[in-house]
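Q: There's a structure below that I have some questions on.
No lab work stands behind these numbers, since they all come straight from the coordinates. What you are looking at is a predicted structure, and each value in this text was computed from that prediction instead of being measured. Positions of Cβ are backbone-derived with ideal geometry, glycine not excepted, and every protein chain shown enters the neighbour counts.
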Amino acid sequence: MTAETADTSPEALAQGLVDLLEIEEVDTDLYVGKRQPGGVGRVFGGQVIAQALQAAQRSTEGPKAAHSLHAYFMRPGNEDYPIVFRVVRDFEGRSFATRRVIAMQKGQPILNMAASFQMPEEGLHHQDAMPDVPAPETLRSDRDLRLENIDGIPEKFRAHMLRWRPIEVRPVNPRSWIDPAPQEPHYANWFRLVAPIGDDPAMHRAILAYASDMALLGTALLPHGMNWITPGMQTASLDHSLWLHEDFRADDWLLYACDSPWSGHARGFNRGKIYARDGRLVASVAQEGLIRMRQ
């Protein structure tokens, strides 16, 4: 099925992401992830993180649930080849377990990830309040905003920027793609899977891990009046950390509030807080990315 004939219904897009994250076990603690050719050559970093998390989750027995992961990207993934995930069971305790995952392509590591799991447990609680932002129903989708400005977007980026995606994004403070002006390094959007899926909490965590790599890196470019399609700009995720605080559904609206407190030395540091619509802080994110102007 080609990109032109692919089913772009919400149900097909959502199921396509679920299928992508349903990794195949080929041996004990050894998994293979499906490919998702997108015509850009590189594998989306969120896909590698989510599939690595799935591998770690598949190796963890009982009710322990992932509460944190820390990943380092070492090489860009190639969308033409499958990714192999090897899990190392570093620790198995009564309350916690840790897993290490190495993602490989053609015999070379492309990502290392450590993940921690915890048994359900009650404890002291506090959280930052959710920002006061417009409801998602009052906002336009990121795809509609891109389509409105398509004439100003370089031809080589258009197909990628306008393709239908399994995650719908509605920016609270939309970024300009054509002529971005410098602004404060704060950005927020609502996002959700485009159609309902089943109730497996592990799959919802994997989908949030996938989505957590969307839009975050660009926050560090806001003060400089640039974006990833600025001529000469080279961007890539270098590392990615995700903390999962509360239960949630990835097919319900989630608010992603991002900021960038620092950039320098061709790197940008970004943070994100993810809230459920009822105001609960369900996840936190931190990432450093490459932001290099090539000569």
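Q: Report, in degrees rounded to the nearest 10, the 0 to 90 angle that the Cα long axis of helix 201-211 makes with the longest principal axis of the chain.
A: 30 degrees
Q: Considering the chain as a Gaussian network with a 10 Å cut-off on Cα pairs, which listed residue, VAL87, VAL133, VAL48, attains the greatest mean-square fluctuation?
A: VAL133
Q: Another one. Checking the cross-link filter: which lysines have an alpha carbon closer than 27 Å to that of LYS106, excluding same-chain neighbours under 8 positions apart?
A: LYS34
Q: Then there is this: If you take the Cα Rg of region 12-62 and divide it by 2.2 N^0.38 Å, with N the number of residues, what do you get? List each step's numbers first, then the result.
A: Details: Rg = 11.8 Å, N = 51, 2.2 N^0.38 = 9.8 Å.
Compared with the compact-globule rule of thumb, region 12-62 sits at 1.20.
Q: Could you work out the longest stretch of the chain that avoids the GluC sites (Glu not before Pro) located in DSSP loops with at most 15 other Cβ atoms within 10 Å?
A: Counting only loop sites that pass the neighbour cut-off, the longest clear stretch is 123-245.
Q: In addition: Restricting to DSSP loop positions (anything but H, G, I, E, B) with no more than 11 other Cβ atoms inside 10 Å of their own Cβ, which chymotrypsin sites (Phe, Trp or Tyr not before Pro) remain in region 53-148?
A: Loop-located and lightly packed - none at all.
Q: Shifting gears a bit: Would you kindly calculate the translational diffusion coefficient of region 225-295, applying Stokes-Einstein with the Kirkwood radius from alpha carbon pairs, for 10 °C and a viscosity of 1.306 mPa s, and quote it in µm² s⁻¹ without decimals? Could you put the intermediate results ahead of the total?
A: Numbers: Rh = 13.6 Å.
The diffusion coefficient I find is 116 µm²/s.
Q: Using only Cα atoms and rounding to the nearest 10 degrees, what angle (0 to 90) does helix 10-21 make with the longest principal axis of the chain?
A: 50 degrees
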